[in-house]
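Here the structure is laid out as structure tokens; the discussion comes afterwards.
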Amino acid sequence: MIDKATVERIIDAADIVDVVSDFVSLKKRGQNYLGLCPFHNDRNPSFNVSRAKGIYKCFACGAGGGAVNFVMQHEQMTYVEALRYLAKKYHIEIEERELTDEERMAQNERESMLMVNEFAMQFFEEQLHNTTDGQEIGMAYFKERGFTLESIKKFHLGYSPDNRSALYDAAIKKGYNRQILIDVGLCIDDGHGGGYDRFRGRVMFPVFNIAGKVVAFGGRTLRNDKAKYVNSPESVVYSKSNEIYGLFQAKRAITKTDKCYIVEGYADVISMHQSGFENVIASSGTALTEGHVHKIHRFTQNVTELFDGDEAGVHAALRGVDLLLKDDINTKILLLPEGEDPDSFARSHSAIEVKQYIEEKETDFITFKSDVLLKDSQNDPIKRSGAIRDIVQSIALIPDQIKRLEFAKMCSKRFEIDERVIMAEIGKQIDKNREKSRKGESPKSNHDPVTEPDVSVDIQAGKPLRPGRKTDTTVQIEPFERDLMKYVVKYGMCYFCDTEDVDGSSHPTALVEFVRNELASDGLMFSNPVYKRIFDESVSLIDPFYEALTEKTIQLQRQMDDEIKAGIVEIQRKGVEDIGDAEKQEEQLKASAACKYQMDLAEFRLQYLQKRLSSEIDDSVRDTVLDFVIDKHQLSRIHSQFGAVIATEADRLMTLVPKAINAWKNALLNQHRHELNRLLEHASPEKEREILIELQKLDLLRGKLAQVTGEQVINSL
């Protein structure tokens, strides 16, 4: 269990831009950063990251949160896993004891699988580097392929001994769960309560997810086995349609070069890396999928497919073209000379020769497809028309209209067909695609959405009333609760006012404290369960906040003193003849430093609650908080120039917050009045009198509240 103080340190240390940049290519736009959302098929950048607030938000799919949530959502980690990941990234020590066998078995399935995969990778590496068979068999094979020791370590290559249960026995001895070993695909059930190794006698290629976690393995035989490669089966942690070999090692190079090369196998990736091409990934013998393409698009929009020149390589290249085009990726294809693959080509040529060959030979998909489809059939009108139709279908997949037009021109020129005819065919194909997409939509449910009962609050007793039906006459409370909650989330720890204690002294009070006191005095509570959780969490953070504020104040005070001292030294170094001028400069220096101190302190207060609530594990809490704190629109430069005369929301809190509280109270009174009127319709004479007396009391309360809010009270039965 990670204590709360450590969690606070991790959240404070995590730079959201730094964390997200490990997985998504970001570009600075104003104060924020923008990129393609990694959580949906995003063609136009809609993924916003705010370093100041420590949060991310996609305005298209709604995904959002803090650094912890990003790691959780992107890597499908648990909350604790994500904290450990960030702690490791920022060198924050977490005290953890060795797990017992019982605790290992109690680990959730995904975490257990990742743990056992990590153990297996280390086991295979140990066997490769420190055993006789590993050196004479595994290492000898890698050296024969030309892999350097640096590459072997970089990709964590290993060797699985030719022993029926070497890994199984070692893992069981370490306390790992037998069923997890089988479920993750490292071992196979022997039918007698035991297991044996899936990869025995093979050299091992670990497959990492984008965060560097081992999710699967590929094992190559060194004998004449029927299956040259054996790969891990799909599991909770591994989906072959989503994971790409080498992407973890290549992602930074892809972002830096804004280019990605796709090859077919493990060895192709490693050999290309050794030739200086680190922006290379592999489909690992499987066809590209939408999941693969979507992940690639997070880092670049430029892809070259690099395949063998044989028939299998041609078909592999063709399969991936349409998926890449559909995702608006600029796609080129390069087929290597007959008998060559990226591995052999990279080993037999210098890096300069490989680079030159790629630049000269890579071609657009129209040229590639037409060359392939029209090979030996230039005089066959049927094959020619089929090739043209195939290319038109590919062009129709491109979402960018200008790109479609340019490729249509290329197609028209290459096949000597009127451009208008090509465009007309593209238009027909687009309509067909839209129709297919429409038919493929999930049908809407015939069931009405389930609505939670609206629970109101008795403003006098502070007790929840029984749920009432949502009729046209029922007053909705949620909008009023929402208005107040927005101020709590955005400005909760900001200074609001001074509160007088019973002994006559006063102390500064944060906004959330003021709201807590106001609600407690009237026995109010939030009826919306999400708002209640947010408010309760905010209140629980009051004491930790003041502890952190004390530390921050001391830190900023030291910084201010250091700045003033350094400034005075600089003034004295420059020398000022007039003592009065020197004193004036020192006063200006102190005033400037004090102003910066106050602004930094105010910024700390402003961001403290937002950053922590945005890192909540509860999706509904986090999403609601993000809706409050992220603004889609910012003031234009023209308005910003006159910012000094525009009263901001923060400047008017002393008016807005009490008004929101009173509006909520008034809504609760109105709701209670509607409920009483509903009961009055079917009340007995005795009960009717009680209700009328209650209504009179209620109207009196409403009148008093109206005097405060300045609103008119209208009674209606």
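Return the residue satisfying two criteria in turn: it lies in segment 544-595 and is of a type in the set (S, T, Y) and closer than 30 Å to I11 by Cα, and of such residues it is nearest to the chain's Cα centre (by Cα). So the residue we want is Y546.
Please verify whether E126 is modelled with pLDDT under 95 and assigned by TED's automatic domain parsing to the domain that holds R223, treating the condition exactly as stated.
Numbers: modelled with pLDDT under 95: no; assigned by TED's automatic domain parsing to the domain that holds R223: yes.
No.
For segment 14-64, the set of residues classified as among the aliphatic types (A, V, I, L, M) and crowded, with 20+ Cβ neighbours inside 10 Å consists of A14, I16, V19, V20, V24, L26, L36, V49, I55, A63, listed by residue number.
Can you spot a residue in segment 378-394 that is assigned by TED's automatic domain parsing to the domain that holds A316 and under 34 Å from the mean Cα position of the chain (by Cα)?
Within segment 378-394, the subset assigned by TED's automatic domain parsing to the domain that holds A316 is 378-394.
Restricting the remaining residues to those that are under 34 Å from the mean Cα position of the chain (by Cα) gives 393-394.
Yes, segment 378-394 contains at least one residue that is assigned by TED's automatic domain parsing to the domain that holds A316 and under 34 Å from the mean Cα position of the chain (by Cα).
Every residue in segment 206-232 that is assigned to a loop (DSSP other than H, G, I, E, B) and among the aliphatic types (A, V, I, L, M), please.
First, the residues of segment 206-232 that are assigned to a loop (DSSP other than H, G, I, E, B): 209-213, 222-228, 232.
Residues satisfying the conditions are I210, A211, L222, A227.
When R164 is tested against the conditions (1) under 35 Å from the mean Cα position of the chain (by Cα); (2) modelled with pLDDT under 95, the lone failure is (1). Go through the residues of segment 580-600 one by one and say whether even a single one is within 25 Å of I630 (Cα to Cα) and either buried (at least 16 other Cβ atoms within 10 Å of the Cβ) or touching a residue at least 40 places away in the same chain (Cβ under 8 Å) (or both). Yes; the residues of segment 580-600 include at least one that is within 25 Å of I630 (Cα to Cα) and either buried (at least 16 other Cβ atoms within 10 Å of the Cβ) or touching a residue at least 40 places away in the same chain (Cβ under 8 Å) (or both).
Under the condition of being surrounded by 14 or more Cβ atoms within 10 Å (Cβ to Cβ) and touching a Pro at 6+ places or on another chain (Cβ under 7 Å), the residues counted in segment 490-545 number 1. Can you spot a residue in segment 262-276 that is under 22 Å from F23 (Cβ atoms), outside the structural domain of L157 (by TED's automatic domain parsing) and touching a Lys or Arg at 6+ places or on another chain (Cβ under 9 Å)? There is at least one residue in segment 262-276 that is under 22 Å from F23 (Cβ atoms), outside the structural domain of L157 (by TED's automatic domain parsing) and touching a Lys or Arg at 6+ places or on another chain (Cβ under 9 Å).
In this structure, does V203 turn out to be farther than 14 Å from Y159 by Cβ, not polar (S, T, N, Q) and not in a loop (DSSP other than H, G, I, E, B)? No: the conditions fail for V203. Scanning segment 567-579 for residues that are of a type in the set (A, V, I, L, M) and surrounded by 12 or more Cβ atoms within 10 Å (Cβ to Cβ) gives I568, I571, V576. Only a single criterion out of (1) part of a helix (DSSP H, G or I); (2) within 17 Å of P206 (Cα to Cα); (3) in contact (Cβ under 8 Å) with a residue 12 or more places away in the chain is not satisfied by Q122, namely (3). Of all the numbered requirements in (1) within 21 Å of the chain's Cα centre (by Cα); (2) assigned by TED's automatic domain parsing to the domain that holds E353; (3) surrounded by fewer than 18 Cβ atoms within 10 Å (Cβ to Cβ); (4) not acidic (D, E), T257 misses one, and that requirement is (1).
The values are calculated or read from the model by the stated rules, or taken from the named source; none is laboratory data. Owing to the predicted nature of the structure, the values given are computational and were not obtained by experimental measurement. Quick reminder, even Gly has a Cβ in these numbers, built from the backbone with ideal geometry, and neighbours come from all protein chains shown.
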